[in-house]
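In what follows, a single structure is set out as structure tokens and then discussed.
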Amino acid sequence: ADIVRTRVKEDEALAKQKATETQAIADDAQRDLDEAIPALEAANRALDSLDKSDISEIRVFTKPPQLVQTVMEAVCLMLGQKPDWATAKTVLGDSNFLRRLVEYPKDEITENQLKRLKKYIDNPEFTPEVVEKTSKACKSMCMWVRALDLYARVFRTVEPKRKRLQSANAELDIVVQKLREKQAELNAVEQKIATLQAEFDVSVAEKKKLEHRLALTTARLKRAAKLTTALADEQDRWSHSVERFQIQIGNVIGDVFVSAACVAYYGAFTADYRNRLIQRWVERCRELSIPVSEDPSLFNVLGDAFELRQWNTQGLPRDQVSTDNAILVTHSRRWPLMIDPQEQANRWIRSMEAEHDLRVVKMSDANLLRTLENCIRLGFPLLLEDVGESLDPALEPILLRQTFVSGGRLLIRLGDSDVDYDRNFHMYMTTKMANPHYLPEVSIKVTLINFTVTPTGLEDQLLGDVTGIERPELEEQRNQLIVRINTDKNQLKATEDRILKLLFESEGNILDNEDLINTLNESKVKSGEINRRLTEATTTEQKISNARSKYSPVAARGSVMYFVITTMAEIDSMYQYSLKYFKN
């Protein structure tokens, strides 16, 4: 193609050169003709100004003036007629006379005509200015004759140039024809090249597409390996979870029924009576063919391990009764009234709600209603202490949650005024009475929860107190370890939930989401680190527990002693001792 383009460029240059030369010849010839053309055009215009009267003026002469006869002889000579007056009169009588002059074939004037015309041209009086004095019409004819003479002589000079021009044009036509053939050949070559280029582009695009697909497949393969590695342990955990959930789903009706009954009814009872209630409910479910777990637990249905760890770090005792009580506090639809002679619930509520600006007030405080109103309006939690066996009637709208909407606002009637009700408001009530007697009209408005310390819970507390006295560094290490284990377990749970969330929210092909794969891998690495720390912490915890276990007999006897002295109140009400006093 480059060779053809080079040849075409050479032919184009040659054609351009030929065209330039030809144009130069044409321009040269035209310049020569331009010298004669103006005179001829002026003569023709003069002829156009003549009319029949001007011609008749000449014809009337029987013996015309010498200049008139001379002009007419010259005209007859140019028209190929006999140059005499008689012939001139005949020529003048021709109706097409003037048209013959204007349309005269000026390029066909012969050499003989020019020779015969020379004597007239050389006549000093044969000029338009002189002739005009004799005849206006003859002046125009004189101009015509002289213009033809000038044109013919110029034409003789131009003719060789015209022939050269014709020859140059012929050569130019040949060059142009060759150029067109070469251009056609070049177009054919370029079209073929364009076709080949298009095919090449398609092939390159297909190659890039295949390379991209290969790179994508390779990347997907690597990500799949990462994903498989990252989720290998998760798959085992998920499989076990699915098996557990399948069992739970099969028993969900009975378990939820028992849990709902627990929340509604058993809060006020002791641990032993609670277990008997659950056992009776389970038996009744089986009598009615309602599927229920072998050993249903309130924690298994409504509890959350993460939340429980938070409660424990906030001061909730670790025994089963306290755990169930905390679930009742957080899940009951009525405000909780906690029987709390040892103030365990009080301390836990204060710690749990501290970050939410908890307000604490006693039933005997003068500013009770004002504090209550502020908490309701601003959404602060409220702890009402030292509740007796009866409740202030002013609390009834709050206990029954008698809210209403007015003007788009959620309100509650408190005393004589309507107060904005913030849905974040929570109320907790505690009493130090060990065995209060609440009337049914009070019991139906609150959720009674028995937070009286249990032997197991007290034994755990006393073990911590004894170890803190005898081995303070050991107890401090244990407390730090518990906090660290809780933190790690919470992080582990958050990481596991994050992995599930990322997988659930992933769109499109999961193997194309490199950020997701990397995040999952990082989460898995973090999960592995946490599990390793938990394993180490569990080992350390076991060592600490073994070290603490030698003080267990002391804690057990202390627990027995406390529950013994609490029964002394049955002999005389003066024999009542608080847990705080007993510990001190």
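None of the figures in this text is laboratory data; all of them are computed from the coordinates on show. Values in this document were obtained by computation on a predicted structure and should not be read as measured data. Counting neighbours? That spans all protein chains shown, and the Cβs are built from the backbone with ideal geometry, glycine included.
Alpha carbon centre of the range 535-584 versus the range 268-341: separation in Å?
If you average the Cα positions of each part, the centres end up 23 Å apart.
Which FRET efficiency value, to the nearest 0.05, do you get for THR487 and GLU514 by plugging their Cβ-Cβ distance into 1/(1 + (r/R0)^6) with R0 = 41 Å?
0.85
With label points built 7 Å along Cα→Cβ from the Cα atoms of VAL60 and ASP122, find their separation and express it in nm.
Placing both labels 7 Å beyond Cα along the Cβ direction yields 3.7 nm.
How far is it, in nm, from the label point at THR540 to the one at LYS526 when both lie 7 Å from their Cα along the line to the Cβ?
2.1
Quick check: net charge around ASN513, other residues with Cβ under 11 Å of its Cβ, Lys/Arg +1 and Asp/Glu -1?
Local net charge: -3.
Extending each Cα 7 Å along its Cβ direction at LYS16 and VAL130, get the distance between those two points in nm, one decimal.
Those two pseudo-labels are separated by 5.7 nm.
Could you tell me how far the Cα centroid of the range 197-227 sits from the Cα centroid of the range 171-195, in Å?
42
Determine the sum of side-chain charges near ILE55: Lys and Arg each +1, Asp and Glu each -1, restricted to other residues whose C-beta is under 14 angstrom from that of ILE55.
+2
Sort 308-317, 95-104 for me by packing, meaning the mean count of neighbouring Cβ atoms within 10 Å per residue, highest on top.
Put in order of decreasing packing, that is 308-317, 95-104.
Which entry is the computed Cα extents along the principal axes in Å for this structure: (1) 90, 68, 55; (2) 148, 61, 48; (3) 187, 67, 54?
Step by step, Cα extents along the principal axes in Å for this structure corresponds to label (3).
Where does each of 235-241, 325-331 land if you order them by average Cβ count within 10 Å, highest first?
Ranking the peptides 235-241, 325-331 by packing returns 325-331, 235-241.
May I ask you to compute the full-extension gain from ASP295 to VAL102, defined as 0.36 nm times their residue separation minus their alpha-carbon distance, rounded to one decimal in nm?
56.0 nm
Could you calculate the FRET efficiency of ASP465 with VAL256 from 1/(1 + (r/R0)^6), where r is the beta carbon distance between them and R0 is 30 Å, rounded to 0.05?
So the FRET efficiency works out to roughly 0.15.
Quick one: if the Förster radius is 22 Å, what FRET efficiency do LEU114 and ARG45 give, using the C-beta to C-beta distance and rounding to 0.05?
Calculated transfer efficiency: 0.40.
What list of ³J(HN,Hα) values in whole Hz, one per residue of the range 95-110 in order, does the Karplus curve 6.51 cos²θ - 1.76 cosθ + 1.60 (θ = phi - 60°) give from phi, with Gly and Pro shown as x?
My calculation for the range 95-110 gives 5, 9, 4, 5, 5, 5, 5, 5, 9, 4, x, 5, 7, 10, 5, 8 Hz in order.
Taking a virtual spin label 7 Å from the Cα of THR313 along the C-beta vector, which residues in the range 533-559 bring their backbone nitrogen under 20 Å of it?
Label zone hits: 533-542.
Please give the peptides 179-191, 246-258, 203-215, 333-345 ranked by average Cβ packing (other Cβ atoms within 10 Å per residue), highest first, as a rough proxy for protection.
333-345, 246-258, 179-191, 203-215
Which one of THR456, LEU474, TYR428 has its Cα pushed farthest toward the positive end of the charge dipole of the range 409-481, where Lys and Arg give +1 and Asp and Glu give -1 at the Cβ?
Result: TYR428.
Can you tell me how much longer the chain between GLU476 and ARG237 gets when fully stretched, taken as 0.36 nm per residue apart minus their C-alpha distance, in nm with one decimal?
Extending this stretch completely gives an extra 82.7 nm.
Counting each DSSP H run of 4 or more residues in the chain as -39500 (n - 2.57), what helix-only mean residue ellipticity at 222 nm follows after dividing by all residues, to the nearest 500 deg cm²/dmol?
-23500 deg cm²/dmol
Given the options PRO160, ALA264, GLN402, identify the residue whose Cα lies farthest towards the positive end of the charge dipole of the chain (+1 on Cβ of Lys, Arg; -1 on Cβ of Asp, Glu).
Among PRO160, ALA264, GLN402, the one farthest towards the positive end of the dipole of the chain is PRO160.
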